Structure formats: structure tokens, C-alpha cells
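Notes for the one structure printed next.
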Amino acid sequence: MNRQTCFLQSFVVALSSVAVFVLSACFASQRTGNADNDAAMEGSDRGGTAQVGPVIETVLTGLDNPRGVVVLPDGSLMVAEAGTGNDAPQEWSGKLTHFQDTNRDGDFSDEGERVIWLDHLPTYNALQEYTSRRDEVGGPGDLLRHTDGHLYLSVDGGHERVGLYEISPYKHMGPSLSARGNMNGITFARDHSHIYLAESTANALSILSIEDGEHRQVTHFGALASGQQSVPAGVAVDPRNGDLLVALFSGMVWLEDGVIPFIPGDSVVVRVDPETGAIEDAVLGLTTAIDVAVDQDGNIYVVEMSSDHADPLDPAHDLFDPDQPPLHGGYLRFSGRVSRYAPDGGDQLVLADGLDMPTNITLAPDGSLYVSTGQGTPNRPIPGPDGPTRIVGEVIRIRLPGADSR
Ligand SMILES: [Ca+2]
Ligand SMILES: [Ca+2]
Ligand SMILES: [Ca+2]
């Protein structure tokens, strides 16, 4: 827990325009890593981080496909987990958990620090459900916290078990507000009266009224550069003007001699006018952009899940056999990253690289970023940067130099 981590993959060095940033960030991160972990956890070493790069810490590990993260006012975390992907109903393992460091020792592993709010929520793996040849787990997904204390959780449990649920501060899960299709990413309108939905199956962005459940499509996304479906995966509101930033993950490309799962560089983040639905490019040249966040100054944070495809799986592959050979399983593992772009989409700064299949990003009130990693069947053997390893769901925190800290 709390280990300071510097992610640097050698191929990044080839990207000369960003290499200097990454290298300086990593060396700075290592220096900061020598600081007292507890001080780093408490964010009390603010003066010492003035000139250094991002500090990356693992705050939660051993999870089953962590997805949406909410940071509560007291610094505790609510985390949605999509589960293991075992879709036998008696084995459903999707859940929502409250992680609170009650003894303030910098971890969430002490007695009573993990309180499960909801469990036994549906989970499935796309390998069997859609014979996708990829190890991809669905279940509880994105998570929001309303100013009135309610949580909103999107669930994609397979077999059309999709929904958007309101969860009371007393842990009661209400009926679904919408079940029209997959809602991979959700975000509040600035006044919290409505929720925007990134609908990957419909290739659309919609808006839902919390009061009466009225649903309206804001825009539909057309094909990307190679003719593939856009597959909106993440959505965020620009706090300056209410624009929506939407991560278009990109779908499969059918060629005469076969299917390409995705084409590196074809994924984008677009900016959508919430009134007119007009779409303009925000960040181009991405690969599997899966989530996005925007800060008060309009800077755009983008999560790319993987840099390439690798080792597609046979649909009959036993994902739960711990003795299988280490295979990537559709996506090149440990090649995800988090970048920050200027409001106009320029000036890329890589904040974290070499991440294992990150899926979700949350910008906390103190300016730190929480990123969920380790998509796929928990414990499945995979190739790692230092040899064979296994899939582990984690939440990392990225603290930026100069950001507010509590
Ligand atoms: Ca603790
Ligand atoms: Ca402890
Ligand atoms: Ca999200």
C-alpha cells in the first residue's frame, strides 16, 4: 500500500515531445517517494512538492474490477467494483464499498475500514457474452455523488441487465432511472439537476432528468477515421461553460481479411455543446480513450486503457483457471496512461504511464486524481513488465504539483 510508483515504459522515450516531461516527472516522483508515506497520505507536505512532478500512490489493491470512485468530503472513498465476471447468479460479485481510514494510519485495511454497501450485483465477461475474444468484465460501472448525498451508479450486468440506480445515504438502492442501453460514463450537469449519459451501444450522448426521468438525446456520434463506431465511454462537464467532453473509445474495424479490434490513434475526445449537440474535436490521436475529466481551468485529463491489441482469446478460454499461460487477452497489458491536455487540446503532459488497463478517472475536490486499474478477470495470468504476473484491481492516486491538498 502507498508505494510510490514511477511508471516509465521505454517506448515513451521515443516520443521525444513528451519524453522530457515524463522523465522529469518520474525522477521528481521518486524523490518525493522518499518522503514519509504518512505525510504524503495526509497531503501535509505541501511545501516540499512545489517543484516536483506527479506523485503516484496505490491507495487500494486486491479489488475486483474497480470502476467509478467518489471521494467524500471527509476523504473516504466510495468505489464501485464490476466484479469477477463470473455470471452465475449465485456468484455475482459486483459491489459498492465505502473505504474509510478510520484509524488514520494511511491504509484502508484495518478492522471496519471496508464497509460493503451493496453486493451481489450482476457481473459478466464479454469474452463469453459477446465472444469478443477480449477479457472484459462488465457490472457496476460509473459512480456519482449528488450534493444532496445520494449516489448514482450505472450498471451493465450483461443479458440486458443495465440500469442507472439512485442509492440513498442509508444504502437503499432505488429502482432504475434508465435502462435504454449501456451507460459506460455518467456525469452531472453543473447544477446537479440532470445526468449526462455516455451510451456506448447507441453511440450517443443523452441527458436524463433526475426529477422525472425524462430522457433526451443530446447528440449522436458518427463513424471515426477508419469507419468504425465511435463507442462513447466517458463523459465530463467543463465547469467553465457546461460543455461536455466525451471520450470516444472506438469500435472494431471490419476488413476483407478479418477484424481489427481497434486502430491505435483513431480514438478521440470531442467537445459537445449541450444545447445544440454540435461536436468539435478536443483531443486527437488517442488510443482506447476510456474516460475523461476536466478541472476548473478547463484542463482535460484523459485515460487511455491500452496502446495496442494483443493475444486475442479463444471464446472457450478458461479465464478462471490459474494455471493458464500468461496472455494479454485482447489488449496489451501495462500500456495504459493518463495525460493532461491544455483546454484547447494541446500541450500533452503524461502524468502516469505503463498502467495496467485503467478504466475510470475521478478528479477529487483537492485536485488529486483517482484512477481505477486492472480491468479483466482478477488473478488471471498475464505478461507483466518484469515477467508473468496476475490481474489485480487497484485504485491509484495521482497528486499533481501545485494542486491543492488537504
Ligand atoms: Ca487504516
Ligand atoms: Ca493499517
Ligand atoms: Ca467516468
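Just so you know, all these numbers are worked out from the coordinates, no wet-lab data involved. Keep in mind the model is a prediction, meaning the values are calculated, not measured. All Cβ positions, glycine included, derive from the backbone under ideal geometry; neighbour counts span all protein chains shown.
What number results when the radius of gyration of region 270-318, computed over Cα atoms, is divided by 2.2 N^0.38 Å?
After normalising by residue count via 2.2 N^0.38 Å, the value is 1.67.
Could you tell me the ratio Rg/Rh of region 66-176? Both radii from Cα atoms, Rh via Kirkwood.
Radius of gyration over Kirkwood radius for region 66-176 works out to 1.01.
Could you state the per residue volume, in Å³, of the convex hull enclosing the Cα atoms of region 172-249?
Roughly 95 Å³ of hull volume per residue.
Under a point spin-label approximation (7 Å from Cα along Cα-to-Cβ), what is the Leu72-Asn103 distance to one decimal in nm?
Label-label distance for Leu72 and Asn103, simple model: 1.9 nm.
Separation of region 312-376 and region 245-290 by C-alpha centroid, Å?
Using only Cα atoms, the two centres lie 17 Å from each other.
Quick check on the exposure proxy: order His146, His328, His159, His172 from fewest to most C-beta atoms within 10 angstrom.
Exposure proxy ranking, most exposed first: His159, His172, His146, His328.
Quote to one decimal, in nm, the extra length available between Ala223 and Ala278 on full extension: 0.36 nm per residue of separation minus the C-alpha distance between them.
My answer for the length gained is 18.3 nm.
Just want the ordering: Arg337, Arg180, Arg216, from fewest to most Cβ atoms lying within 10 Å of their own Cβ.
Fewest-to-most Cβ neighbours within 10 Å comes out as Arg216, Arg180, Arg337.
Compare the Cα positions of Ile116, Ile195, Leu224 along the charge dipole of the chain (+1 at Cβ of Lys, Arg; -1 at Cβ of Asp, Glu; about the Cα centre) and return the one farthest towards the positive end.
Checking the options against the dipole of the chain, the answer is Leu224.
State to the nearest 20 debye the size of the charge dipole of the chain about its Cα centre, where the only charges are +1 on K and R beta carbons and -1 on D and E beta carbons.
Roughly 380 debye for the chain.
Using a 7 Å offset from the Cα along the Cα-to-Cβ direction at both Asn241 and Arg390, what is the distance between the two label points in nm, to one decimal?
5.0
Going by C-beta contacts inside 10 Å, put Leu284, Leu127 in order with the fewest on the left.
Leu284, Leu127
With a Förster radius of 22 Å, plug the Cβ-Cβ distance of Asp148 and Glu214 into 1/(1 + (r/R0)^6) and report the FRET value to the nearest 0.05.
It comes to 0.70.
More than 14 angstrom separation, counting every C-alpha pair in region 295-358; what % is that?
64
Using the Cα centre of region 77-128 as the reference point, and only Cβ charges (+1 on K/R, -1 on D/E), how large is the resulting charge dipole? Debye, rounded to the nearest 20.
220
Indicate the gyration tensor shape class of region 124-209 (rounded, prolate or oblate), computed on the Cα atoms with a ≥ b ≥ c the square roots of the eigenvalues: a/c under 1.5 is rounded; otherwise a/b larger than b/c is prolate and the rest oblate.
Cα axes put region 124-209 in the prolate bin.
Relative contact order of the chain: what whole-number percent is it, with Cα pairs under 8 angstrom and at least 6 residues apart?
About 15 percent, as a whole number.
For region 60-399, what is the convex hull volume of its Cα atoms per residue in Å³?
137
List the equivalent ellipsoid semi-axes of region 154-296 in whole Å, largest first, each obtained as the square root of 5λ for an eigenvalue λ of the Cα gyration tensor.
Those come to 27, 19, 12 Å.
Put a dot 7 Å past each Cα toward the Cβ at Val259 and Asp347; how far apart are the dots in nm?
The answer from the label model is 4.2 nm.
Considering only Leu208, Gly402, Thr288, whose Cα is most displaced toward the positive end of the charge dipole of the chain, charges sitting on Cβ of Lys, Arg (+1) and Asp, Glu (-1)?
Projecting each Cα onto the dipole axis, the largest value belongs to Gly402.
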